[in-house]
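Below is one structure, written out as structure tokens; the observations come after it.
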Amino acid sequence: MERTRKPKRDPQAGLQAHVFVSLMRTADALARGAETLLKPFRLSGTQYNILRILRGAGEKGLACREVGCRLITRDPDITRLLDRMESRGLIARAREALDRRVVKTRITEEGLRLLAELDKPVREFHRHQLRHLSEKQLRQFLNLLDRARERLEEGQSSD
């Protein structure tokens, strides 16, 4: 009786798959906690991210495309998301005088007020979520995540 050979397993590939799944599960757990924190404020994680991006942009604001590029997670329907935020008075959009094709998005006073109300609870939430890691461990973890993401964002792959 002839035995079928099993293909050789690449232990590194198994480890990489395990890291990938673990990272995705961790990101999901962190995001679910954030969504729970933001729900009473009628904000999603993406909406909160947009408000922070626009607060950082200052009075100049950003074009819709620029906001989309800075998001933590990509949203294919950023325009509709901005429409909902504008209807709540959290952001304002206006065409630029010099180039009417460009629509700048800015955070409103109401958006700034809401972010100010969330700043402390969000800081405490992050502290609580990652309190079991030392500062040294957090810095190492951040460095590893940055290195992994840089390669992906460059579109390069290393064999």
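The values are calculated or read from the model by the stated rules, or taken from the named source; none is laboratory data. Here the structure is a predicted model, which means the values were calculated and not measured. Here the Cβ is made from the backbone with ideal geometry for all residues, glycine too, and neighbour counts use every protein chain on show.
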Residue in the range 4-27 that is part of a helix (DSSP H, G or I), surrounded by 14 or more Cβ atoms within 10 Å (Cβ to Cβ) and either at pLDDT below 90 or within 19 Å of the chain's Cα centre (by Cα) (or both) present: no
Meets criteria (part of a loop (DSSP other than H, G, I, E, B), of a type outside the set (Asp, Glu) and closer than 22 Å to Gly33 by Cα) for Leu118: no
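Only residues that are within 30 Å of Leu30 (Cβ to Cβ), among the basic types (Lys, Arg) and modelled with pLDDT under 85: list them for the range 72-107, please.
Arg74
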Residue count, the range 118-127 (criterion: more than 17 Å from the chain's Cα centre (by Cα) and either surrounded by fewer than 11 Cβ atoms within 10 Å (Cβ to Cβ) or of a type in the set (Ser, Thr, Tyr) (or both)): 2
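Could you list, in sequence order, all residues of the range 55-85 that are of a type in the set (Lys, Arg), closer than 23 Å to Ala34 by Cα and free of Cβ contacts under 8 Å to residues at least 60 places away in the same chain?
Scanning the range 55-85 gives Arg70, Arg74, Arg80, Arg84.
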Filter result (exposed (fewer than 10 other Cβ atoms within 10 Å of the Cβ) and at pLDDT 95 or above) within the range 136-155: Lys136
The range 86-110, subset out of contact with any helix residue (DSSP H, G or I) (no Cβ under 7 Å at 6 or more places or on another chain) and in contact (Cβ under 8 Å) with a residue 40 or more places away in the chain, residue nearest to Arg149 (Cα to Cα): Lys104
Evaluation of Glu110 against (1) surrounded by fewer than 16 Cβ atoms within 10 Å (Cβ to Cβ); (2) within 16 Å of Ser44 (Cα to Cα) (one fails), failing number: (2)
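Checking the condition at positive phi, assigned to a helix (DSSP H, G or I) and more than 19 Å from the chain's Cα centre (by Cα), which residue from Gly89, Gly58 passes?
Gly58
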Test for Lys39: is it of a type in the set (D, E, K, R) and within 30 Å of His132 (Cβ to Cβ): yes
Filter pass, Leu118 being touching a residue at least 24 places away in the same chain (Cβ under 8 Å) and either in contact with a Ser or Thr (Cβ under 9 Å, 6 or more places away or on another chain) or acidic (Asp, Glu) (or both): no
Scope the range 58-77; condition closer than 19 Å to Glu96 by Cα and surrounded by fewer than 18 Cβ atoms within 10 Å (Cβ to Cβ); matching residues: Gly58, Glu59, Lys60, Ala63, Cys64, Arg65, Glu66
Matching residues in the range 32-54 - criterion: being free of Cβ contacts under 8 Å to residues at least 60 places away in the same chain, assigned to a helix (DSSP H, G or I) and touching an Asp or Glu at 6+ places or on another chain (Cβ under 8 Å): Gly45, Thr46
